[in-house]
Amino acid sequence: TPIELDDVTTRAKEEDPKAVEILAWMYTNGVGVSKDFVEAFNLYKKAAQLNVSNAEKNAIIVYKSMSEEQRRRIKNNL
């Protein structure tokens with residue numbers, strides 16, 4: 001629901017590790033938000049920095065699913 005999305009988004013901005021991971025999954029799968037592999041990748045990388053297990057692995061999986069254009073967007077932000 002929009003209320004739950006707002007809650008997860010707020011908690012992710014506050015760097016709640018579980019919320020960051022959930023939001024990354026949502027963007028990966030297009031659940032409650034538009035599917036966005038770039039956003040999902042960035043969130044999984046953030047989750048990895050917050051010591052979420054498997055977040056780095058999930059970032060790699062998302063990266064492999066990206067188009068070349070999406071990969072360029074990632075590289076331009078580094």
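The values are calculated or read from the model by the stated rules, or taken from the named source; none is laboratory data. All values derive from a computational prediction rather than experimental measurement. Neighbour counts are summed over all protein chains in view; Cβ atoms, including those assigned to glycine, are modelled from backbone coordinates with ideal geometry. With ligands, DNA and RNA removed, areas are computed over all heavy atoms of the protein, side chains included. Shrake-Rupley method; radii C 1.70, N 1.55, O 1.52, S 1.80 Å.
Once ligands and nucleic acids are excluded and a 1.4 Å probe is used, how much of residue 31 is accessible, expressed in Å² to the nearest 10?
60 Å²
Between residue 57 and residue 77, how many nm apart are label points set 7 Å from Cα along the C-beta direction?
2.4 nm
Using every alpha carbon pair in the chain, what percent of pairs falls into each 5 Å bin from 0 up to the bin containing the largest distance?
Distribution as computed: 3, 18, 27, 25, 17, 8, 1 percent.
Dipole of the chain, Cα-centred, from +1 at each Lys and Arg C-beta and -1 at each Asp and Glu C-beta, to the nearest 20 debye?
Roughly 440 debye, rounded to the nearest 20.
Using the Cβ atoms and a cut-off under 13 Å, what net charge is assigned to the surroundings of residue 26, where Lys and Arg are +1 and Asp and Glu are -1?
Surrounding charge for residue 26 is -3.
Below 16 Å Cα-Cα, how many Lys pairs turn up in the chain? Only count pairs eight or more apart in sequence, or on different chains, if you could.
Taking the chain as the scope, the lysine pair count is 12.
For every helix of n ≥ 4 consecutive DSSP H residues, a contribution of -39,500 (n - 2.57) applies; sum these over the chain, divide by its total residues, and give [θ] at 222 nm rounded to the nearest 500 deg cm²/dmol.
-23000 deg cm²/dmol
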